[in-house]
Amino acid sequence: MTTSTRPASTGLRRAAPAIVAAAVLVVAWQVYADLSGIRPQLLPSPSRVAAQGWAHRDEIGVHAWATLQVTLFGFAVSLILAWVLAIVVDFSPTLRRAFVPLFVASQTLPIIAIAPLMIIWFGFGVLPKVLVIALVTFFPMAIGLIEGFAAADREAGALLRSMGATRRQIFRYVRLPAALPRFFTALRIGITYAVVGAVFAEYVGARQGLGIYMSLQKNSFRTDLVLAAVLVTALISVALYLLTFAIERVVVPWARDENAGPS
């Protein structure tokens, strides 16, 4: 087997149990819906969800695109803030002691209570959804970077310092590369939270997006379309999650080689 095909086959073997479990669940769901006689308004069958989702694909697609846009925009804002503040904190122990507890405290705020307030304060535009996404995703990425910088090889830093390297040079050549693997782990957590945060903010109040679409269909007792939108949301999350692996393979190739181990 060639080197290029080995990662694909390994990934397929790892995903096989999840695929089988999902298939069993869908089949059991279909059988129950067909044999129990339950009303579609309560529990539509998977085939009905797929058929109705496809029939309304244009409408769902418009809302999915709106959700994807606000997700990426909000996540980009959160990403920039996480990098800037993590670097600032790394260069100043005093700021680290001041800001890290605030980062932790930000995660104690109940999003279910904050999101409606964002809508009240900032209306139904993009800003409240971006703020909700940033609030949900900022913490894991910032802490991942801060801990990654702190985990850098001290001996390598001391060696560069003895050779006359500046603090910036040590950061660039030692601390930054050391932090990237942990950052991508945090990035994967953050990107999935971003989609959930966007949908929740839209559910509370928006003009477009999968969240408001689910709310409208729920009020119309179209459970099949609600579940179709849920499926699309899950697909977006999985696609963005997998994209982080592709970016990591380009940005941090040494981490992949270390994790692969001897062949």
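The values are calculated or read from the model by the stated rules, or taken from the named source; none is laboratory data. All values derive from a computational prediction rather than experimental measurement. Please note: Cβ atoms are built from the backbone with ideal geometry, for glycine as well, and neighbour counts cover all protein chains shown. The accessibility values were calculated without ligands, DNA or RNA, using every heavy atom of the protein model including side chains. Shrake-Rupley method; radii C 1.70, N 1.55, O 1.52, S 1.80 Å.
Kindly provide the set of residues from the range 104-119 that are surrounded by 11 or more Cβ atoms within 10 Å (Cβ to Cβ) and assigned to a helix (DSSP H, G or I), ordered by number. Passing the criteria: V104, S106, I111, I114, A115, P116, L117, M118, I119. Filtering V70, V100, V62, V89 for residues that are part of a helix (DSSP H, G or I), open to solvent by 40 Å² or more (accessible area, probe 1.4 Å) and at negative phi leaves a single hit, V62.
Taking the range 154-181 as the range and being of a type in the set (G, A, S) and open to solvent by 80 Å² or more (accessible area, probe 1.4 Å) as the test, only S162 passes. Residues in the range 10-49 that are among the hydroxyl-bearing types (S, T, Y), open to solvent by less than 50 Å² (accessible area, probe 1.4 Å) and either touching a Lys or Arg at 6+ places or on another chain (Cβ under 8 Å) or assigned to a helix (DSSP H, G or I) (or both): 1 in all.
Rundown of residues vs (1) under 20 Å from A15 (Cβ atoms); (2) out of contact with any Ser or Thr (no Cβ under 8 Å at 6 or more places or on another chain); (3) touching a residue at least 24 places away in the same chain (Cβ under 8 Å); (4) in a helix (DSSP H, G or I), yes/no style:
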position: T192; (1), (2), (3), (4): yes, no, yes, yes
position: A206; (1), (2), (3), (4): no, yes, yes, no
position: G211; (1), (2), (3), (4): no, no, yes, yes
position: M214; (1), (2), (3), (4): no, yes, no, yes
position: D224; (1), (2), (3), (4): no, yes, yes, yes
position: L231; (1), (2), (3), (4): yes, yes, yes, yes
position: L242; (1), (2), (3), (4): yes, yes, no, yes
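Please count how many residues of the range 139-154 are assigned to a loop (DSSP other than H, G, I, E, B) and not aliphatic (A, V, I, L, M). Total meeting the criteria: 1. Of everything in the range 31-87 that is among the basic types (K, R) and modelled with pLDDT of 90 or more, the residue that is farthest from T223 (Cα to Cα) is R57.
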